[in-house]
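Undergrad: One structure coming up, written as structure tokens, with questions to follow.
Values quoted throughout were computed directly from the atomic coordinates according to the rules given, and no laboratory measurement underlies them. Model, not experiment: these values are computed from the prediction. Cβ atoms come from the backbone with ideal geometry, glycine included; neighbour counts cover every protein chain shown.
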Amino acid sequence: MQLTARVAAIGLVFLGVVALVVVLLASGGDSDAAKGRTLTFFVAIQPGGSIEEVSKRCSEESNGRYTIEPEFLPTDASQQREQLVRRLGADDSSIDVIGMDVIWTGEFANAGWVEEWTGKRKKEVTEEVFPGVIETASFEDKLYAAPFNTNTQLLWYRKDLVKKAPRTWDEMIDEAEKLGRDNAGTIQVQANRYEGFTVWANALIESAGTELLSGPETVDLAEGPTTRALEVMGRLANSSAAPPSLSTSNEDTARIAFESGESAFMTNYTFAYASAKEEAPEIAKNMGFARFPGIEANRPSKPPLGGFNLAVSSFSENKDIAFDAAACLANGKSQLTATELDGLPPSRSDLYSTKVVTGAFPGFAELVKSSIEAAGPRPSTAAYQDVSLAVQRSLHPPDKIDPEDASSVYDELKSNLEDAVKREGLL
Amino acid sequence: MEAHAQQAPTSARTRSEHRLAWLLCAPAVIAMLAVTAYPIGYAIVLSVQQIDLRFPEEGGFVGLDNYTSVLSSQLWWTDVFNTVFLTVVTVSIELVLGMMIALVMHRAIFGRGVVRTAVLIPYGIITVVAAFSWQFAFAPDSGFVNNLPLISDEMDWFGGRFSSFAVIIMAEVWKTTPFMALLLLAGLVTIDSQLYEAAKVDGASAWQRFTRITLPLMKPAILVALLFRTLDAFRVFDTIYIMTAGAQDTESVSILGFNQLISRLNLGLGSAVSVLIFLCVLAIASFYVKVLGTRVEEGRPGS
């Protein structure tokens, strides 16, 4: 008797729990309907909160058509990509909008993971956008993403130590050697073996007057200019101007060293200024800025180009509204939010005279704009990862390059790149 | 064991018991097939094809082409050398340190529980977390190591091959020595203390007791510990990935496989690397089991 009573009691409790769950699920469904479809936006985390802000604003502006839920990826670019390709490779429908790094476009487009932008929408999201940035969102003349923020590197230097900003790397190394290591005579760059190293190498090679690839599967790499660029790299790495941890440096170690007063020069993205103002006001007071240095005095440099474009996943179940959402997330208003909260340069050239941009980049908004216009983007190819790995394998650590004769390193780089575009061999 | 000697039961009963045994094992066998045999088989199938996720329209059977390009690559052999070097050095250091710690844990008179727990803490820490901690400790700008006496403030540990290996080996040893010590301790406690007393009576020194009694009787435990750790060490990934990501020629075969599979999305080539790693692991395991297995029998107490 007692046993049956207990079984009955347990059964009743169980039924009650089931009923409660059903009610909760149903009410959840109801409130979702009021907010429209939920779109998931996979994007790199931005510490200033601009992603949350634009997602919220666009959800409100949609008048109940959709709600954008940001899903944050790690800060490291390779780890962002790793998480995305694992999902996209498995046809994951839980991604609607993708914050796509400029170097992933070829790969994602060729794999059939992102949708092409056409017609009126294409016109809308490319209006007033820098042509170079549109190229980073395109592959084989088709647009695959709405340009969101862009980015470029400037030369940052100490006005109290250096009278005039150097125009070339050679001038800068001379100047640093003159100052001496004990007197901040070092140059901060990004030379750990990671994507940042490819950024640096590509900018040097582009500035010397040639390029890694001339087409998605053709290696360019004119011998004269490339060798010259590599010799500059080798000269810096083997000189007293190289900081002790050059071959493990990244954007953040460079910033920290510059802010601690260890180095008179640094090439880095635009966040460096706001960071110095916050972390090292004394250094920020004397912080000068100039165009990314060139290789030859008579040839203007081609600074690096970074940034994110917003793509619509081919596996999304709500592609149509995802296009609308991406267009809103990438529009001028959103770009200004990203500039204001996270210091990211807009991809629309007409925004550089706004108060938001001139306030975020005090005195150097025009420099950022001209730097983006002159930038030398990294190659656009579906095998970009292979190309980047080949560059890193051939040139890292940079102190192995003989500053007098870089021809053997040149040969290695060229043959590794040939393999990379054909996707042959191990990398 | 003798207690289990059985009288032959009726054959019908044996058969039904067998059937029951299989029935009871079936879920485990099916689960094992699903989670191990299937992925291994799939990797082998992928490794003989040209498959690249970024080029979905390409593909097809290419035979052993992927294996040829892996085995003819300088990179593969450099990485095999790195991995074997790391494995031999870390496992040797761990064996010596682990044995010392096991002896201490065995002999600890007071606070036995505390000593054993304290020794095990590093093993309880997630490898990635441990790797990050050591990386920060050795970072030239923010780490404490360069502030120690006798070490240059400007030492860039991850800027050279030798120093990178030194830090990686140290982190690995720090992390897994407790595991080694634990396995060895398990062997140590099985040794009858009367043997030591008898040896003492016969006038054997402490060193003689260690080499003549402890080591021979612990052989099975030592071999098991070595087998586990060698297989583990050969697949080293986390520590290297966090610390150098393979820069300065510190790449292991697992990192090489990761680069082909995840960075390049070249599933054919990457699977070939994975299958080759699998074969290496298989070779190591069968080496221990076949060649050294006989000694396990010899070393068993009471045999």
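Undergrad: Tell me, what HN-Hα J-couplings in whole Hz come from the Karplus equation 6.51 cos²θ - 1.76 cosθ + 1.60 at θ = phi - 60° for each residue of the stretch A:222-231, using x for Gly and Pro?
TA: With the stated coefficients, the stretch A:222-231 comes to 3, 5, x, x, 5, 4, 4, 4, 5, 5 Hz.
Undergrad: Let me confirm one metric for peptide A:234-247, namely the mean number of other chain beta-carbon atoms within 10 Å of its residues' beta-carbons.
TA: Per-residue shielding by partner chains comes out at 2.
Undergrad: Shape verdict for the stretch B:208-259, please, from the Cα gyration tensor: rounded (a/c under 1.5), prolate (a/b greater than b/c) or oblate.
TA: prolate
Undergrad: Taking every pair of Cα atoms in the stretch A:386-425, average 1/r, invert it to obtain the Kirkwood radius, and report Rg/Rh to two decimals.
TA: Values: Rg = 10.3 Å, Rh = 10.3 Å.
So for the stretch A:386-425, dividing Rg by the Kirkwood Rh gives 1.01.
Undergrad: Still on this structure: Put a dot 7 Å past each Cα toward the Cβ at residue A:182 and residue B:92; how far apart are the dots in nm?
TA: 4.3 nm
Undergrad: Per residue of B:263-273, how many C-beta atoms from partner chains lie within 10 Å of its own C-beta, taken as a mean?
TA: Details: counts 9, 11, 11, 7, 1, 1, 5, 1, 0, 1, 1.
Mean shielding count: 4.
Undergrad: What net charge do the residues around residue A:116 carry, taking every other residue with its C-beta under 9 Å from that of residue A:116, with Lys and Arg at +1 and Asp and Glu at -1?
TA: Counting the neighbours of residue A:116, the net charge comes to +1.
Undergrad: Taking amide H positions as placed in the peptide plane 1.01 Å from N, state which residues far from residue A:139 in sequence (5 or more) or on other chains have amide H under 5 Å from it.
TA: Distant-sequence amide H within range of residue A:139: A:144.
Undergrad: Each residue of the stretch B:50-61 in order: what ³J(HN,Hα) in whole Hz does its phi give by Karplus 6.51 cos²θ - 1.76 cosθ + 1.60, θ = phi - 60°, with x for Gly and Pro?
TA: So the J values, rounded to whole Hz, are 9, 10, 9, 4, 7, 10, x, 7, 7, x, x, 6.
Undergrad: Which net charge results for the neighbourhood of residue B:177, defined as the other residues with beta-carbon distances under 15 angstrom from its beta-carbon, given Lys and Arg at +1 and Asp and Glu at -1?
TA: 0
Undergrad: Continuing with this model, one more query. In debye, nearest 20: dipole of the stretch A:335-392 around its Cα centre with unit charges on the Cβ of K, R (+) and D, E (-)? Numbers along the way, then the final one.
TA: Values: 4 positive and 6 negative charges, 9 e Å.
Charge dipole of the stretch A:335-392: 40 debye, to the nearest 20.
Undergrad: Here is a further query. Return A:41, B:179, B:110, B:136 ranked ascending by Cβ neighbour count within 10 Å, so the fewest neighbours appear first.
TA: B:110, B:136, B:179, A:41
Undergrad: Grab the DSSP H runs of the protein assembly as shown that are 4 residues or longer, score each as -39,500 (n - 2.57), total them, divide by all residues and round the 222 nm result to the nearest 500 deg cm²/dmol.
TA: The helix contribution divided over the protein assembly as shown gives -17500 deg cm²/dmol.
Undergrad: Pairs of lysine in the stretch A:284-427 with Cα under 17 Å and at least 8 positions apart or on different chains: total?
TA: 5
Undergrad: When the Cα centres of the stretch B:231-275 and the stretch A:54-105 are compared, how far apart do they sit, in Å?
TA: Cα centroid of the stretch B:231-275 versus Cα centroid of the stretch A:54-105: 27 Å apart.
Undergrad: Label the stretch A:299-361 by shape, choosing from rounded, prolate and oblate, from the square roots a ≥ b ≥ c of the eigenvalues of the Cα gyration tensor; if a/c is under 1.5 it is rounded, and otherwise prolate applies when a/b is larger than b/c, oblate when it is not.
TA: Details: a/c = 3.00, a/b = 1.64, b/c = 1.83.
Judged from the Cα gyration tensor, the stretch A:299-361 comes out oblate (a/c at least 1.5, b/c at or above a/b).
Undergrad: Going by amide H atoms built from the backbone, whose H comes under 5 Å of the H on residue A:149, apart from near neighbours?
TA: For residue A:149, the qualifying residues are A:308.
Undergrad: Within 10 Å, count the other beta carbons around each residue, average over each peptide in B:181-191, B:48-58, and list them highest first. Before the final figure, lay out the partial values.
TA: On the way: B:181-191: 18.8, B:48-58: 17.0.
Averaged packing, sorted descending, gives the order B:181-191, B:48-58.
Undergrad: Now for a different question. In nanometres, what is the gap between the two model label sites at residue A:83 and residue B:154, each 7 Å from Cα along Cα-to-Cβ?
TA: 3.9 nm
Undergrad: Over all alpha-carbon pairs of the protein assembly as shown, lay out the pair-distance distribution in 10 Å bins, whole %, shortest bin first.
TA: 3, 12, 19, 21, 18, 13, 8, 4, 2, 0, 0
Undergrad: Quick check on the exposure proxy: order B:253, B:173 from fewest to most C-beta atoms within 10 angstrom.
TA: Numbers: B:253 24, B:173 19.
Result, fewest neighbours first: B:173, B:253.
Undergrad: Okay, moving on. For each of A:370, B:152, A:239, count neighbouring Cβ atoms within 10 Å of the residue's Cβ, then give the residues from fewest to most.
TA: Numbers: A:370 15, B:152 9, A:239 18.
Going from sparsest to densest Cβ surroundings: B:152, A:370, A:239.
Undergrad: Still on this structure, please answer the following. Using a simple charge model, +1 on the beta-carbon of Lys and Arg, -1 on the beta-carbon of Asp and Glu, nothing else, what dipole does the protein assembly as shown show about its Cα centre, in debye to the nearest 20? Numbers along the way, then the final one.
TA: Values: 60 positive and 85 negative charges, 515 e Å.
Dipole about the Cα centre, nearest 20: 2480 debye.
Undergrad: Could you give each residue of the stretch B:221-226 its phi-based ³J(HN,Hα) in whole Hz, using Karplus coefficients 6.51, -1.76, 1.60 with θ = phi - 60°, and x for Gly or Pro?
TA: 5, 4, 5, 4, 4, 5
Undergrad: If one puts a single equal scatterer on every Cα of the stretch A:186-263 and applies the Debye formula without solvent, what log₁₀ I(q)/I(0) results at q = 0.15, 0.17, 0.24, 0.25 Å⁻¹?
TA: -0.56, -0.69, -1.09, -1.14
Undergrad: Hey, got the average number of other protein chain Cβ atoms within 10 angstrom for residues in A:191-202?
TA: Across A:191-202, the average partner-chain Cβ count within 10 Å equals 1.
Undergrad: Taking the Cβ of residue A:193 as the center, what net charge do the other residues with Cβ under 11 Å away carry, scoring Lys and Arg +1 and Asp and Glu -1?
TA: Result for the local shell: -2.
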